[in-house]
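**Student:** For reference, the structure I am asking about is given below.
The values are calculated or read from the model by the stated rules, or taken from the named source; none is laboratory data. All values derive from a computational prediction rather than experimental measurement. Note: ideal-geometry Cβ built from the backbone for every residue, glycine included; neighbour counts use all protein chains shown. Note: areas computed on protein heavy atoms with side chains; ligands, DNA, RNA excluded. Shrake-Rupley method; radii C 1.70, N 1.55, O 1.52, S 1.80 Å.
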Amino acid sequence: MQKERLIIIGSGPAGLTAALYTARANLEPLIITGDQLGGQISLTSEVENYPGFPDAITGPELVDLMQKQALKFGARIEYDYVSEVDFSSGPPFTLKTQNNKEYQADSIIITAGASPRRLGVPGEDEYIGRGVSYCGTCDGFFFRGKDVVVIGGGDSALEEGSFLTKYADRVRIIHRRDELRAGPVLIKRANHNPKISFIWNTVVDEVVGEDVVKGIRVKNIETGAAEELKTDGVFVFVGHYPNSTIFEGKLAMDEHGYLITDDHMQTNVPGIFAAGEIQDPMWKQIATSVGQGTMAAISCTRWFEALEDDLEPAAQA
Ligand code: NAP
């Protein structure tokens with residue numbers, strides 16, 4: 001059993017920022033990365049709205065810089081995945097990982113993020129990796145000269161749709177309403193892209209194929225008219241769900257699985273904090289995750305100070 005003062009679960013912008021701040025406060029945080037170092041931004045082509053990078057920066061480059069900065073001040077990193085937690089007593093709390101390691105930690109900051117939501121229609125799971133994708137940056141290259149559809153009407157759908165035109169000859173964005181949720185910059189860019197067109201008020205009923213994706217069956221929700229559209233790729237961007245399954249019954253969460261935190265980013269268990277998309281159903285930006293990671297780190301530092309001063313172990317503002 002490895003004993004740590006602070007473990008940070010997850011390595012997206014919230015986790016890497018919490019690591020930077022707590023490392024500078026001499027808490028020697030150990031980051032357990034999760035499946036993907038950097039979380040969702042490591043799968044993002046270009047980040048144009050994170051302050052300080054007026055010419056944009058790629059997601060992986062930003063992750064690399066954030067990681068370097070945290071490690072420079074003494075954070076440590078473990079490429080592993082937390083699979084089980086025991087918060088019933090403690091601190092210290094107990095964690096188990098996929099690599100069969102067991103840890104005890106006096107405090108934990110949970111920044112395990114969110115994962116892409118699936119459509120939940122027949123054929124979707126069957127054709128993942130064979131035409132169905134949740135990441136344009138990862139898979140766009142395989143659709144050079146091909147036809148793809150993008151499902152969704154938010155920032156991800158429009159941003160990834162625009163990115164996919166680097167490869168695909170045609171990108172049709174299929175949205176269930178006739179009004180986009182995405183921001184005006186991304187809408188304007190998509191409207192000016194001759195490879196992009198929109199199909200409104202339409203939902204996907206099925207992904208069809210033979211070994212690989214050949215098309216989708218769609219339905220217009222206003223007229224009820226159904227048709228099959230031929231396509232080579234189906235890129236799904238219909239939102240995210242928080243990666244909170246392992247905390248069920250152990251931490252307070254809302255009806256959608258987002259962890260509930262107080263003003264100090266502390267969960268209902270003293271000494272356990274959360275930041276980023278696992279507790280944020282609303283803002284979901286790199287900049288807001290960085291801010292929440294900062295808040296969790298400062299609260300955690302104060303929680304340790306209060307413990308050391310033999311005070312009530314609560315995050316002091
Ligand atoms: P989102 O904003 O939740 O949008 C999800 C989209 O999918 C919505 O248009 C929604 O339709 C649609 N949808 C949901 N369930 C569906 C279903 N079952 N079938 C068909 N369509 C469905 O998710 P997101 O685009 O991934 O963005 C998540 C967050 O990240 C947002 O806060 C966004 O601002 C942020 N983000 C920002 C940037 C950027 O600033 N460059 C880039 C990417 C993401 P309705 O509109 O009808 O609800």
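**Student:** Based on what the data block shows, is residue 162 farther than 24 Å from residue 114 by Cα, of a type outside the set (Phe, Trp, Tyr) and modelled with pLDDT of 95 or more?
**Tutor:** Answer is no for this residue.
**Student:** When you check residue 52 against the structure, is it of a type outside the set (Asp, Glu), modelled with pLDDT of 95 or more, over 23 Å from residue 157 (Cβ atoms) and open to solvent by less than 60 Å² (accessible area, probe 1.4 Å), yes or no?
**Tutor:** no
**Student:** A follow-up question, please. Among the residues of segment 185-199, are any within 14 Å of the ligand (Cβ to nearest atom), open to solvent by 30 Å² or more (accessible area, probe 1.4 Å) and more than 19 Å from residue 45 (Cα to Cα)?
**Tutor:** Yes - at least one qualifying residue is present in segment 185-199.
**Student:** A further question on this structure: Find the residue count for segment 146-164, including only residues that are open to solvent by 20 Å² or more (accessible area, probe 1.4 Å) and more than 11 Å from the ligand (Cβ to nearest atom).
**Tutor:** Residues that pass the stated criteria total 2.
**Student:** For segment 39-51, indicate whether the set of residues that are within 16 Å of the ligand (Cβ to nearest atom), assigned to a loop (DSSP other than H, G, I, E, B) and either touching a Phe, Trp or Tyr at 6+ places or on another chain (Cβ under 7 Å) or not assigned by TED's automatic domain parsing to the domain that holds residue 247 (or both) is non-empty.
**Tutor:** Scanning segment 39-51, I find at least one residue that is within 16 Å of the ligand (Cβ to nearest atom), assigned to a loop (DSSP other than H, G, I, E, B) and either touching a Phe, Trp or Tyr at 6+ places or on another chain (Cβ under 7 Å) or not assigned by TED's automatic domain parsing to the domain that holds residue 247 (or both), so the answer is yes.
**Student:** OK, next. Among 257, 209, 215, which is open to solvent by less than 20 Å² (accessible area, probe 1.4 Å), closer than 19 Å to residue 130 by Cα and either of a type in the set (Gly, Ala, Ser) or part of a loop (DSSP other than H, G, I, E, B) (or both)?
**Tutor:** 215
**Student:** Related question: Regarding segment 232-248, can at least one residue be identified that is of a type in the set (D, E, K, R), away from the ligand (no atom under 16 Å from the Cβ), within 27 Å of the chain's Cα centre (by Cα) and open to solvent by 80 Å² or more (accessible area, probe 1.4 Å)?
**Tutor:** Yes; the residues of segment 232-248 include at least one that is of a type in the set (D, E, K, R), away from the ligand (no atom under 16 Å from the Cβ), within 27 Å of the chain's Cα centre (by Cα) and open to solvent by 80 Å² or more (accessible area, probe 1.4 Å).
**Student:** Next question. From the list 149, 121, which residue is β-branched (Val, Ile, Thr), part of a loop (DSSP other than H, G, I, E, B) and at pLDDT 95 or above?
**Tutor:** 121
**Student:** When you go through (1) among the hydrophobic types (A, V, I, L, M, F, W, C); (2) outside any loop (DSSP other than H, G, I, E, B); (3) modelled with pLDDT under 95; (4) within 30 Å of residue 44 (Cβ to Cβ) one by one for residue 306, which number turns out not to apply?
**Tutor:** Failed condition: (4).
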